[in-house]
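For reference, the structure discussed in these notes is given below.
The values are calculated or read from the model by the stated rules, or taken from the named source; none is laboratory data. This structure is a prediction, so every number in the text was calculated from the model and none was measured. Every residue, glycine among them, receives a Cβ derived from its backbone with ideal geometry; neighbour counts consider all protein chains shown. Quick note on the areas: whole protein, heavy atoms, side chains included, nothing else; ligands and nucleic acids left out. Shrake-Rupley method; radii C 1.70, N 1.55, O 1.52, S 1.80 Å.
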Amino acid sequence: MMANEIQEMLMEYPDFTEGVYWERKSFPAGAEIIKQGEVSSNMYVVQSGTLRVVGKVAVGEQRQVSPGVC
């Protein structure tokens, strides 16, 4: 599922109003949004721009991050 599909799905629910249950946020280029290992109750949907995911994995361990919900 892609970000725009999630956004459209959420917007179908009139009780899910902006400012009550969620808010739009903008981040400057290079901003760190969340660090590896941090626990968060937030969900982020990238509406526009580019996102870089950086993390550490053990040698020999393979991880894959794909567009969409991960």
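Extents of the chain, taken as max minus min of Cα coordinates on every principal axis and listed largest first, are 47, 25, 23 Å. Accessible area per residue for the chain, computed on protein heavy atoms with a 1.4 Å probe, is 100 Å². Charged side chains reduced to their Cβ positions (Lys and Arg at +1, Asp and Glu at -1) give region 12-59 a dipole of some 360 debye around its Cα centre.
With R₀ set to 22 Å, the beta-carbon distance separating residue 12 from residue 40 gives a calculated FRET efficiency near 0.30. Between residue 50 and residue 21, the FRET efficiency from the beta-carbon distance, with R0 = 25 Å, is close to 0.40. Counted residue by residue at 0.36 nm each, then reduced by the alpha carbon distance between them, the extension gain from residue 61 to residue 32 reaches 8.0 nm.
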